[in-house]
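These notes concern the structure reproduced below.
The values are calculated or read from the model by the stated rules, or taken from the named source; none is laboratory data. Model, not experiment: these values are computed from the prediction. Here the Cβ is made from the backbone with ideal geometry for all residues, glycine too, and neighbour counts use every protein chain on show. The accessibility values were calculated without ligands, DNA or RNA, using every heavy atom of the protein model including side chains. Shrake-Rupley method; radii C 1.70, N 1.55, O 1.52, S 1.80 Å.
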Amino acid sequence: MALMTKQQYIDSIRARKPMNVYFLGEKIEDLTTFPPLAASFNTICKIYELQNDPKWQDLITVKSHLNGEQVSIYNAPLRSAEDANRKTRAARALAEVIGCCTHRCTGSEAFAGLGPCTWDMEHDLGKPYYKRFMNFMEYCQKNDLSCTVTVTDVKGFRMTPPSQQPDKDMYVHVDEITKDGIYVSGFKCNQTGILFAHEVIIVPTTSMKPEDKDFAVSCAIPADAPGITYILGRTPQDKRFFEVGGNIEGIDLGKMYADHQALVYFDHVFVPNERVFMCGETEYVGHLLNYFTAVHRLTAGGCKSGGVTALTGAAALVAEMIGVEKAGHIRTKLTEMSMTAETVYGLSIAAGTEGFKHPSGTWVPNPLMSHTCKYTCTKMPFEAVRYARDIIAGFGETAPSEIDMRSEAVGKICQRAYNPGNPNYDAFDRLRATRFVEHMARGSNWTAMALDGGGNQEASTVMARAFTDWNHLKNIVKAATGIEKDPAKVKATIDAIGEQQGRICKTNGLPLSH
């Protein structure tokens, strides 16, 4: 089996061993029927459904270079610029359908990052990490598993490195090493979609020094492994999920799809050797993060452009409903929203196109462009959100609930007041569109993920600074102005410009080539 159907995926999740998952102090017994997780479960089920749709298969599946079978793009590494651009297009298209995270993107980026990193370690150190990792990836491909990556440690006091934290669990670390494997403990947070994953991949969250070797760990653990505790995070819509039923269709939820985040605690969890991909090699943590974030932050441009596109559509629909779509300032705002989507999408496509080839055969997107893309995603979508909220106006956001709109006591009053006056739409249509905007703007974690998902502004800036070839930039001006008097150095600069074809990204010592 290479591709699961939607029903096969549902059955596989229900077949997992009992898991320790809590919400509001209570243990959740069945994740697939728990109301606050319903929209999230809908999301990943939709991804499995679409991958079996002939109209979507060319976009979200690819032929495996390991076994020749058609597999999910989320379980395959990038092998070319075409693969990178497919990932961007898929992220945008799926975001336009679901308006949230696919739950599977971070797992795919772990594959994209661990592939070249484990190759580096096996090539340089002779350790069998690459072979282990490729075996694990093929296992995931053959069984079409949903994988998620845990990156973000809770970190404790941020000025204190991992090895000096009073509580070692502030970073996931190796507890014990045996001949058969390792035991890991520690916290990870902000884990999107993790409750519906089959496999959890651990990677470090930051570069480390030799004294932090216990924290330089990467491995794969089944999501239902003993010793893992999950605490589901809150959203502003928690209580609304319990309202659905009867004649209440769930309009106040905004849409059928959403995601979830969870806090995760690993308590002395065993990992067999064949699932360990890094253990103490602090000097390669930076490699892993460089490869991983180049892909992770490329994806941000795809999914955020899709989200902004959907948000723009909702704002345009409300503008039509209430008769303001031809107003000059409304048209300008909607156009700016559309251009925002195209900007971050274009940066993502450029990062994939202008990437590099790793000796392992993995394609690594242009890191400078990827980090620039993510930095832009921390800013521009928020302007689109502001415009959308402005267009639907205050009464849009403070609208009566669906329950009130349908109640015998005040339903007719609410429907009259909220009727847009356009014969093509009624009060419920207006409520559906405005709740969609509310959901994207503040009802879900979409804006939080635009800001912090894949790294915040400063994280993107630091990485972009590191991958900018500052000496080359200065040499360009020296050659153009005559500051550089040595003709050979001037020619070398001009030759470099031609060879790099305008690229100003350096590879920071990584074994990458154009």
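Of everything in the range 132-183, what is among the β-branched types (Val, Ile, Thr) and open to solvent by 10 Å² or more (accessible area, probe 1.4 Å)? Give them in sequence order.
To start, the set of residues in the range 132-183 that are among the β-branched types (Val, Ile, Thr) comprises 148-152, 154, 160, 172, 174, 177-178, 182.
Passing the criteria: Val151, Thr152, Val154, Thr160, Val174, Ile177, Thr178.
Quick one: is Leu334 over 18 Å from Arg465 (Cα atoms), among the hydrophobic types (A, V, I, L, M, F, W, C), in a helix (DSSP H, G or I) and in contact with a helix residue (DSSP H, G or I) (Cβ under 9 Å, 6 or more places away or on another chain)? Explain how you work it out, then say what you get.
Values: over 18 Å from Arg465 (Cα atoms): yes; among the hydrophobic types (A, V, I, L, M, F, W, C): yes; in a helix (DSSP H, G or I): yes; in contact with a helix residue (DSSP H, G or I) (Cβ under 9 Å, 6 or more places away or on another chain): yes.
Answer is yes for this residue.
Looking only at residues that are of a type in the set (S, T, N, Q) and without any contact (Cβ under 8 Å) to a residue 40 or more places away in the chain in the range 398-423, which one is surrounded by the most Cβ atoms within 10 Å (Cβ to Cβ)? Walk me through it before giving the result.
Start the filter on the range 398-423 by keeping residues that are of a type in the set (S, T, N, Q), which leaves 398, 401, 407, 415, 419, 422.
Now drop any that are not without any contact (Cβ under 8 Å) to a residue 40 or more places away in the chain, which leaves 398, 407, 415, 419.
Numbers: Thr398: 9, Ser407: 14, Gln415: 18, Asn419: 15.
Once the filter is applied, the top-ranked residue is Gln415.
Does the range 204-222 include one or more residues that are of a type outside the set (Asp, Glu), at pLDDT below 95 and not in a loop (DSSP other than H, G, I, E, B)?
Among the residues of the range 204-222, not one is of a type outside the set (Asp, Glu), at pLDDT below 95 and not in a loop (DSSP other than H, G, I, E, B), which makes the answer no.
From the list Met369, Met380, Met440, exactly one residue is of a type outside the set (D, E, K, R), surrounded by 15 or more Cβ atoms within 10 Å (Cβ to Cβ) and in contact with an Asp or Glu (Cβ under 7 Å, 6 or more places away or on another chain). Which is it?
Working: Met380 fails: in contact with an Asp or Glu (Cβ under 7 Å, 6 or more places away or on another chain); Met440 fails: in contact with an Asp or Glu (Cβ under 7 Å, 6 or more places away or on another chain).
Sole residue among the options that is of a type outside the set (D, E, K, R), surrounded by 15 or more Cβ atoms within 10 Å (Cβ to Cβ) and in contact with an Asp or Glu (Cβ under 7 Å, 6 or more places away or on another chain): Met369.
Working only within the range 184-193, note down all residues that are at pLDDT below 95 and either out of contact with any strand residue (DSSP E or B) (no Cβ under 7 Å at 6 or more places or on another chain) or open to solvent by 10 Å² or more (accessible area, probe 1.4 Å) (or both).
Correct list: Asn190, Thr192.
Within the range 298-316, is even one residue part of a loop (DSSP other than H, G, I, E, B) and at pLDDT 95 or above?
Narrowing the range 298-316 to residues part of a loop (DSSP other than H, G, I, E, B): none.
No.
Return the residue satisfying two criteria in turn: it lies in the range 25-42 and is free of Cβ contacts under 8 Å to residues at least 40 places away in the same chain and not aromatic (Phe, Trp, Tyr), and of such residues it is most open to solvent (accessible area, probe 1.4 Å).
Out of the qualifying residues, it is Glu29.
Filtering the range 194-239 down to residues that are basic (Lys, Arg) and in contact (Cβ under 8 Å) with a residue 40 or more places away in the chain, which residue is most open to solvent (accessible area, probe 1.4 Å)? Give the derivation first.
As a first pass, look at the range 194-239 and keep what is basic (Lys, Arg): 209, 213, 234, 239.
Going one step further and asking which of them are in contact (Cβ under 8 Å) with a residue 40 or more places away in the chain, we end up with 209, 213.
On the way: Lys209: 128, Lys213: 111 Å².
Here the residue is Lys209.
The conditions are (1) in a helix (DSSP H, G or I); (2) closer than 20 Å to Thr434 by Cα; (3) open to solvent by less than 50 Å² (accessible area, probe 1.4 Å), and Ala294 fails exactly one of them. Which is it?
Failing condition for Ala294: (2).
Do the conditions hold for Asp259, that is, is it assigned to a loop (DSSP other than H, G, I, E, B), open to solvent by 10 Å² or more (accessible area, probe 1.4 Å) and in contact with a Pro (Cβ under 8 Å, 6 or more places away or on another chain)?
On the way: assigned to a loop (DSSP other than H, G, I, E, B): yes; open to solvent by 10 Å² or more (accessible area, probe 1.4 Å): yes; in contact with a Pro (Cβ under 8 Å, 6 or more places away or on another chain): no.
So Asp259 does not fit the description; no.
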